[in-house]
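Readers should treat all values here as calculations from the given coordinates under stated rules, not as data from a laboratory. These numbers come from a predicted model, not from an experiment. Cβ sites come from the backbone with ideal geometry, for glycine too, and all protein chains shown count toward neighbours.
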C-alpha cells in the first residue's frame, strides 16, 4: 500500500510504520544502554537497519525460491516475495555481535538490552500487517458455517464478528480473523515481561525472549491463512520456532552441565512430547490422520495452544535453573 510519493520515490505505509517502530526501539535502547559506551547505539543502528532488512529478505527468498533466486534476480526485486521476521532477528543478532566487537563490550549484555525494544519493534511490525491485508486467519463466514465442520460452535449468522477487531476484509471483501492483532498483543506482553527482567547471567534475558516469542509462534503461525512460506503443508516459521526453542533448551542444558548440574532429561522428554503433539495437530488439521478426522479445527487449535504453553513453561523451567549463578 503506497501512502504518497516524493518525486519518483514511493513511500509505503507499512515501511513507514516499521521505520517509526525501529526509531522508537532505538530510542528506548539508548535509554537502556546508558551504562555502556556512548557510541554503542550508533554503531548498532548503522549495522542493524541494513542487516535486518537484507537478512529478512534473504531468508524469505531462500525458503520460497531456493538458490534460483540469484539466477532470476529475485532477491533484488524488493517489491516481490516479502520478508521473514526470523531473518530480521538473525540480522539484529549479527549487528549486536559486530557492535560488541567494535566497541569491545559484552555481546551477551547488549543482547539483553536489545530484548525489550526488539519486542516493541515486532509488535509494531505485526500491528502494521493489518494495513496491508496480511496477518489474517481463516474466513469467519466459513469458520462458523454449520456445514463447514470447522468448529463445534457454529453460528447461523456470524455477521457481528465480521468487523474489526475480530476480523479484517481481504482483497475480495471477505472477512478473516485478525491474527496479526493476537501476534502484536503477544509481543507487547512479552515486551513488558522482558523490560522488568534483570538476570545476573548475561544473555539470559535474550534467551527468555526467544522462549516467549518462539513458543507463542508455534501456534500463532498455524492460525495464519495468508501467504506464508511452506514446505508442503509444513509452515517454515513454525518449524523454525521449534528449532529455536530446542536451541535455547540445549544452551541452558549445556550451562547446567558446566555448573555440575544434571541434564534435565525429563524436561527434554516433555519438550518433544509437546512438540510432537503440535505436529500431530497439524496433521489433524489437514485430515491426514484417519482416527483424528472427527476433530474440528477449534479443538485442534485449543490442544495446540495448550502444547505451546507447555513448551514455554518447560523451556522457562530449564532457563530458570540455568540462570542460577553457582556458588564459589
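Quick notes
- Most mobile listed residue (153, 127, 53) in the chain, GNM with C-alpha springs under 10 Å: 153
- Residue-averaged [θ]222 nm for the chain, counting only DSSP H segments that reach four residues, each worth -39500 (n - 2.57): -21000 deg cm²/dmol
- With a simple spin-label model that places each label point 7 Å from the Cα along the Cα-to-Cβ direction, the separation between residue 195 and residue 287 comes to 4.6 nm.
- Overall, the ratio between the Cα radius of gyration of the chain and 2.2 N^0.38 Å, rounded to two decimals, is 1.06.
- When the Gaussian network model of the chain links Cα atoms closer than 10 Å, the mean-square fluctuations of 161, 120, 111 top out at 161.
- For the pair the range 115-174 / the range 265-328, the C-alpha centres are spaced 24 Å from each other.
- Stokes-Einstein diffusion of the range 138-177 at 37 °C, 0.692 mPa s viscosity, Kirkwood radius from Cα pairs, rounded to a whole number: 325 µm²/s.
- Projected area, mean over directions - the range 241-323, Cα convex hull, nm²: 5.5
- Tensor-based shape of the range 137-260 (alpha-carbon gyration tensor, a/c under 1.5 rounded, otherwise prolate or oblate): prolate
- Computed extension length for residue 226-residue 97: 43.1 nm, one decimal, from 0.36 nm per residue of separation with the Cα-Cα distance subtracted.
- Estimated inter-spin distance, residue 138 and residue 107, nm [label 7 Å along Cα→Cβ]: 4.3
- Additional length obtainable on full extension of the chain from residue 250 to residue 38, 0.36 nm per residue less Cα span: 72.9 nm
- Near-label residues of the range 288-326 by backbone N, under 16 Å of a point 7 Å along Cα→Cβ of residue 269: 314
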